């Protein structure tokens with residue numbers, strides 16, 4: 001079984017801006033991160049456990065609750081010369097996709113327009129045994145007009161309602177003519193919940 005070991009030497013992964021721990025064949029350790037397989041089912045996304053022995057992995061329900069309630073993510077994009085660029089952003093999660101609401105006159109947006117590959121981390125916790133987080137990676141799609149001015153777009157109804165309620169306490173999304181939407185339906189999800197270490 002292939003296992004990612006925290007703290008080991010790092011090397012380039014599939015994305016130029018991503019790194020991954022070297023992988024070895026061994027029994028799963030008690031600590032570390034766990035990858036989910038992402039499968040399409042009936043037009044939606046299901047997350048399945050890849051390594052059954054890794055108990056710090058979030059369940060699908062825990063992952064959904066975490067992404068629904070967290071507000072800020074960190075978005076890694078690719079610069080023209082291949083170097084990484086990371087920035088913080090508010091988001092919405094609809095159970096299948098992560099919706100990123102970005103200023104269109106930003107370095108992040110220009111990079112996504114040129115290269116839609118992205119990795120996003122949402123995490124929380126201060127003490128080691130309270131750390132929780134999710135990494136989502138894939139390619140974004142742009143939805144709606146850019147910048148967003150409020151034109152009718154049924155595809156954005158759910159995302160904008162979720163975003164407005166979570167971040168503004170409103171039922172309708174305010175539009176400032178500066179932001180636009182990018183949708184990430186992840187190809188890979190990695191999650192961890194170190195609170196589960198207490199029971200291992």
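Residues in the stretch 177-200 that are part of a loop (DSSP other than H, G, I, E, B) and modelled with pLDDT of 95 or more: 177, 178, 185, 186, 187.
Any residue at all in the stretch 183-192 that is at negative phi and free of Cβ contacts under 8 Å to residues at least 24 places away in the same chain? No, the stretch 183-192 contains no residue that is at negative phi and free of Cβ contacts under 8 Å to residues at least 24 places away in the same chain. Look at (1) over 28 Å from residue 79 (Cβ atoms); (2) out of contact with any helix residue (DSSP H, G or I) (no Cβ under 6 Å at 6 or more places or on another chain) and you find that residue 129 fails only one, number (2).
Of all residues in the stretch 81-94, those satisfying the criterion of being surrounded by fewer than 21 Cβ atoms within 10 Å (Cβ to Cβ) and either in contact with a helix residue (DSSP H, G or I) (Cβ under 6 Å, 6 or more places away or on another chain) or not in a loop (DSSP other than H, G, I, E, B) (or both) are 84, 85, 86, 87, 88, 89, 90, 94. Remark: residue 61 matches the filter, which requires a residue to be more than 26 Å from residue 145 (Cβ to Cβ), out of contact with any strand residue (DSSP E or B) (no Cβ under 9 Å at 6 or more places or on another chain) and modelled with pLDDT of 95 or more. Of the residues screened, residue 67 is one that is within 16 Å of the chain's Cα centre (by Cα) and assigned to a helix (DSSP H, G or I).
Would you say residue 125 is within 18 Å of the chain's Cα centre (by Cα), surrounded by 13 or more Cβ atoms within 10 Å (Cβ to Cβ) and farther than 19 Å from residue 187 by Cα? Spelling it out, residue 125 is indeed within 18 Å of the chain's Cα centre (by Cα), surrounded by 13 or more Cβ atoms within 10 Å (Cβ to Cβ) and farther than 19 Å from residue 187 by Cα.
The values are calculated or read from the model by the stated rules, or taken from the named source; none is laboratory data. Quantities reported herein were computed from a predicted structural model and do not represent experimental measurements. Counting neighbours? That spans all protein chains shown, and the Cβs are built from the backbone with ideal geometry, glycine included.
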